[in-house]
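The values are calculated or read from the model by the stated rules, or taken from the named source; none is laboratory data. Computed from a predicted model, the values in this text were never measured in an experiment. When we count neighbours, we look across all protein chains shown, and the Cβ atoms used for this are built from the backbone with ideal geometry, even at glycine.
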Amino acid sequence: MPHAPEVDPRFNEFVLLQAQNAGLFLGQIPNPATGEKTVNLRAAKSVIDSLGMLRVKTAGNLTETEAKLLEMALKNLLPLYNTALDESE
């Protein structure tokens, strides 16, 4: 019988925090310190790449909800990153 993944609320909080950080770096969220929106593609790519690595390394060990949250974060962030990258060229 396969082992069912255990729910860990810290995982969802971590993914949401990282997605929020990526949104900040992509200029989607104002910087709380300055109130200004700025773009830092290098930092955004680092966060997005880390979420992608997390997806690979946790495959088969997430609950359905956790896996969907991670996929949705990447699905939303990647087009924003690609658009910001195109606009920077």
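Table: residues versus (1) of a type in the set (Ser, Thr, Tyr); (2) at pLDDT 95 or above; (3) closer than 27 Å to PRO5 by Cα.
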position	(1), (2), (3)
ALA43	no, yes, no
VAL56	no, yes, yes
GLY60	no, no, yes
LYS68	no, yes, yes
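Mind checking whether some residue in the stretch 79-86 is within 29 Å of HIS3 (Cβ to Cβ) and either among the acidic types (Asp, Glu) or touching a Pro at 6+ places or on another chain (Cβ under 6 Å) (or both)? Within the stretch 79-86 (the criterion being within 29 Å of HIS3 (Cβ to Cβ) and either among the acidic types (Asp, Glu) or touching a Pro at 6+ places or on another chain (Cβ under 6 Å) (or both)), the answer is no, since none of the residues qualifies. Consider the stretch 1-34 and keep the residues that are touching a Leu at 6+ places or on another chain (Cβ under 7 Å) and either within 17 Å of THR65 (Cβ to Cβ) or not hydrophobic (A, V, I, L, M, F, W, C) (or both). The one that is surrounded by the fewest Cβ atoms within 10 Å (Cβ to Cβ) is ASN31.
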